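Structure record follows, encoded as structure tokens.
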Amino acid sequence: MAYPKPSAALLARLSERLGPAGFSVDPADLAPWLTDWRRRLTGSAAALVSPANADDAAFVVALAAAEGVAIVPQGGNSSMVAGATPAGIGGDGEGEGGGGGRALLVSMRRMRTIRSVSPQDNAVIAEAGVVLADLHAAVEAQARRFPLSLAAKGNATVGGLISTNAGGTQVLRFGPMRSLVLGVEAVLPDGSMLRGLAPLRKDNRGYDLKQLLIGGEGTLGLITAATLRLVPAIGARAVAWIGLRSADDALALLRRLEDALGEAVESFELVPAEGLALVLRHIPDTRAPLADSHVWNVLVEAVSPSGGEPIEARLEAVLADAIERGFAADATIAASEAQADALWKLRESMSEAEARDGIAAKHDITVPVADMPAFMARAADAVIARFPGARPIAFGHLGDGNVHFNVRAPAGGDGKAWFAAHAAPVSRFVHGLVTQAGGSMSAEHGIGRLKRADFLDLVDPVRLAAMLAIKDAVDPKGIMNPGALLPLAEERRRP
């Protein structure tokens, strides 16, 4: 469908309600937010709209719904799949955005109030624009912790994290964002407000509406605030770097750690030798943790509560046993917080180091945990056979079956030209391998706009039909984030 441009009357009402801080049509104000995080897509919008509170947000959506104007919600604009980029909306073919300024780009960054922190409920109520790093700081002041972290914590916002069901480095113990949301406040596509912020652990009143919004990528509503689960602050942590001979040994080590330490193990991150070499080459102030190079490495973090048994000695004992049994080659445990942070920097700098080294086709995939070591090897061989010279590299959250399986351009050539010619078929091939293995082509980043074509080709038709039925029921005019995740109305009609 060709979405209408907002009328002059609609824009005037938005301007009057939101004021200069909340409304702009100035191209200079819009420009920084029209291109996605990876700089793959640039779109267009009629206006940048920034509500200051939930009532403002409801006002915006109600006006848009009355005219059938498209809304693209945006948080920190850190989506890895262009899920918050107003591209491909409108159908008039005007530039990359295809919308000629038809959508309202609704930024939630002004809604950054932490409404309450309750140690008694182990819950925090935070508005959609609260940045993850700020949320961490606020709850730590109350001796509590929000147990989700990721490299983009300085940009990612609560609303975006919920809309994409973000993962991160602690999913192994606490699960993804879906497991940490107790309630949501959201504006539905007709402008009505869903108010569900009570910190209830049990609520059996039929369908769990918040779960439709979590991971919905803004296609079913505009999240304005959420109640999030907290856990006690860490008393002590132990961070270790271990060198291994194989990914199978890494999985064996994980199970041994879990048997010995239980839920103390919060993070288990896999890094190949090639990935570590990229970090050491491109990221300043980094150094190899171990004397020798190892085919695979894992970063482990284990924690204990305040007043609990020291965790470092327990971790050290398990690693010593693993080395003696032969499924770990070497290990080091950080002797200070500075050393622990230095080890984490090696893992968290992987994506930056890879980008500095050259262009790559990136894939955020998951298969059953037990199958991941064999899948990584099999998929790498298949990619090289199909695309000679391509350089696969896999790293990430082995403990929950999610790795970033990226394919770099051949060494020594024109990387940009290779990427332009091969990125799409490489991604289609990798996503096909994952689907055949019973996995998912999106573990934690979502589908957005960049993965939508592959998703629609590979998704189970029954699953897609159910998703479209929900979309049509909740958002019959299709105004919420069109072009992300699901097909547009006219695309469904194509033979």
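Here are the numbers:
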{"quantity": "From the options Leu148, Leu135, residue that is within 15 Å of the chain's Cα centre (by Cα) and either more than 24 Å from Met467 (Cβ to Cβ) or open to solvent by less than 20 Å² (accessible area, probe 1.4 Å) (or both)", "calculated": "Leu148"}
{"quantity": "Long-range neighbours under 8 Å by Cβ, at least six apart or interchain, first residue under 11 Å from Ala123 (Cα atoms) within the range 193-204, second acidic (Asp, Glu) and not in a loop (DSSP other than H, G, I, E, B)", "calculated": "Leu197/Glu185"}
{"quantity": "Filtered residue count, the range 326-358, keeping only those that are within 28 Å of Gly412 (Cα to Cα), buried (at least 18 other Cβ atoms within 10 Å of the Cβ) and hydrophobic (A, V, I, L, M, F, W, C)", "calculated": "3"}
{"quantity": "Odd one out for Glu67, checked against (1) under 18 Å from Gly478 (Cα atoms); (2) without any contact (Cβ under 8 Å) to a residue 24 or more places away in the chain", "calculated": "(2)"}
{"quantity": "Residue within the range 28-44 that is in contact (Cβ under 8 Å) with a residue 12 or more places away in the chain, touching a strand residue (DSSP E or B) at 6+ places or on another chain (Cβ under 7 Å), under 16 Å from Arg109 (Cα atoms) and surrounded by fewer than 18 Cβ atoms within 10 Å (Cβ to Cβ) present", "calculated": "yes"}
{"quantity": "The lone exception for Gly307 - which of (1) crowded, with 21+ Cβ neighbours inside 10 Å; (2) touching a residue at least 60 places away in the same chain (Cβ under 8 Å) it fails", "calculated": "(1)"}
{"quantity": "Members of the range 163-175 that are under 15 Å from the mean Cα position of the chain (by Cα) and within 20 Å of Asp121 (Cα to Cα)", "calculated": "Gly175"}
{"quantity": "Residue ID - nearest to Asp400 (Cα to Cα), chosen from residues in the range 426-450 that are small (Gly, Ala, Ser) and in a loop (DSSP other than H, G, I, E, B)", "calculated": "Ala443"}
{"quantity": "Unmet requirement for Gly129, which otherwise passes all of (1) open to solvent by 10 Å² or more (accessible area, probe 1.4 Å); (2) at pLDDT 95 or above", "calculated": "(1)"}
{"quantity": "Residue check, Gly191 at positive phi and open to solvent by less than 40 Å² (accessible area, probe 1.4 Å)", "calculated": "yes"}
{"quantity": "Residue in the range 96-109 that is part of a strand (DSSP E or B), open to solvent by 10 Å² or more (accessible area, probe 1.4 Å), out of contact with any Gly (no Cβ under 9 Å at 6 or more places or on another chain) and not polar (S, T, N, Q) present", "calculated": "no"}
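The values are calculated or read from the model by the stated rules, or taken from the named source; none is laboratory data. Quantities reported herein were computed from a predicted structural model and do not represent experimental measurements. Note that we place each Cβ from the backbone using ideal geometry, even for glycine, and neighbour counts take in every protein chain shown. Heads up: the accessible areas ignore ligands, DNA and RNA and are worked out on the full protein's heavy atoms, side chains in. Shrake-Rupley method; radii C 1.70, N 1.55, O 1.52, S 1.80 Å.
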